[in-house]
Amino acid sequence: MRILITGGAGFIGSTIAEQCVSAGHDVTVYDNLTTGNRANVPATAGFIEGDIRDSDRLLKAFKGIDVVVHQAARVSVPDSIADPVGFWDVNVVGTRCVLESARRCQVRRVVLASTAAIYGPGSLDAAREEDAPRPASPYADNKLLNELDAAYYGQHLGVETICTRYFNVYGPRQRPDSPYAGVVSIMSAKLRLNEPLTIFGTGQQTRDFVYVEDVARTVLGFCEIRNAVHDVINIGTGEPTSLLALVDTLGRILDREPRLVHAGPRPGDVLHSVANVTRLAARTGAVPATPLDWGLSRTLDWIGGSVGQIAL
Ligand code: UD2
């Protein structure tokens, strides 16, 4: 199959690219290298440097493509509050350009990255896809609009669409030194550097941490399944972990006592977030199951190898 991955030089996109290549697909990466890194792109994959708002470039790139995996986005919740117009431009306009170019090029399917942030402030109950969306940041709002766009293209314009609502994805290649960094990479790097860890809020907030290779395997499965019209699916483990438990586990793996500094809660932060994985299990027959300890060890190994180049 010919698969094009937008954002394929980034953390999640490049892991998907690697697995698509390993599965024998013909892979092209489309990335503007704002946060992505050319070195992440598999050697045998094609590479096009381009922006997702550049329709002319997309139309050229999508010729002959069977499946587009759309991962390019701005993803930091606090950053989206600081720059709501810029986020709209990349995430909403950019995704519309991707869907419309896919339609015009007769791409069969688009698999789009969505987010658990759509569920909003959060309860301790596992979030189900049919729950009412309560976006609490421009980022979450952008992704909800992407899902609506995808539903329209899927149900009315003949482009199959599958939206994957990622929970907290972590693993190697998630850089700790960007404003888009996730908590696992930040805490891993700071622990390695023996620096104090900032906890926003009480640290009792929970997240569903899902290992990037599990996510990539699931997305690859969605490229390959036979039929789809439009679907929205949680990608998580179904297991909540508190921030304090995460930090404890990282400390235990490194045999180091974390030093914690408490700060006020972060604007737009949701308190609890965990996936209901019933639909995921029904669609794929499997749920991400990499043990947190194992995934964190791999992440710490990667951070250890890059720590010399990291400025926190
Ligand atoms: C993540 C994703 C977001 C979206 C969402 C879905 C990242 C960067 N963001 O947002 O794109 O998909 O999940 O639910 O992956 N924290 C600290 N100290 C730090 C950094 C973070 O206490 O130094 C806290 C933060 O306040 C939050 C938790 O850790 O309560 C997780 O933060 P995050 O930025 O990794 O991810 P989140 O859940 O905001």
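Laid out as a table, the results:
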| item | result |
| --- | --- |
| Built amide H within the under 5 Å cut-off of Y166, gap 5+ | S114, T115, A116, I235 |
| Residue-averaged [θ]222 nm for the chain, counting only DSSP H segments that reach four residues, each worth -39500 (n - 2.57) | -11000 deg cm²/dmol |
| Å² of accessible area per residue within the chain, as computed with a 1.4 Å probe and no ligands counted | 43 |
| Kirkwood hydrodynamic radius over Cα pairs of the chain, then Stokes diffusion coefficient at 37 °C and 0.692 mPa s, in µm²/s | 168 |
| Amide H partners (placed H, <5 Å) of T206, local residues excluded | H272, S273 |
| Relative contact order of the chain, pairs being alpha-carbon contacts under 8 Å that are 6 or more residues apart, as % | 19 |
| Förster-model FRET efficiency, 25 Å R0, Q155 and D125, C-beta, rounded to 0.05 | 0.30 |
| Candidate aspartates and glutamates - alpha carbon under 18 Å from K60, same-chain residues fewer than 8 apart omitted | D26, D31, E49, D51, E100 |
| The chain - share of DSSP beta bridges that are antiparallel (%, nearest 5) | 5 |
| Rg in Å to one decimal, and Dmax rounded to a whole Å, for segment 142-228 via C-alpha atoms | 17.4, 54 |
| Choice from A73, A82, A275 showing the highest fluctuation, given a GNM over the chain with Cα pairs closer than 10 Å | A82 |
| GNM result for the chain, Cα springs below 10 Å: residue of L144, L99, L157 fluctuating most strongly | L157 |
| Sulfur and carbon atoms: percent of accessible area, segment 110-215 [1.4 Å] | 50 |
| Helical segments meeting 20 Å axial Cα length and Kyte-Doolittle -1.0 threshold in the chain (DSSP H) | 138-156, 292-306 |
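The values are calculated or read from the model by the stated rules, or taken from the named source; none is laboratory data. Nothing here was measured: the structure is a model prediction, and the numbers come from that model. Positions of Cβ are backbone-derived with ideal geometry, glycine not excepted, and every protein chain shown enters the neighbour counts. The protein model used for the area step is the full one, side chains on, heavy atoms only, and it has no ligands, DNA or RNA in it. Shrake-Rupley method; radii C 1.70, N 1.55, O 1.52, S 1.80 Å.
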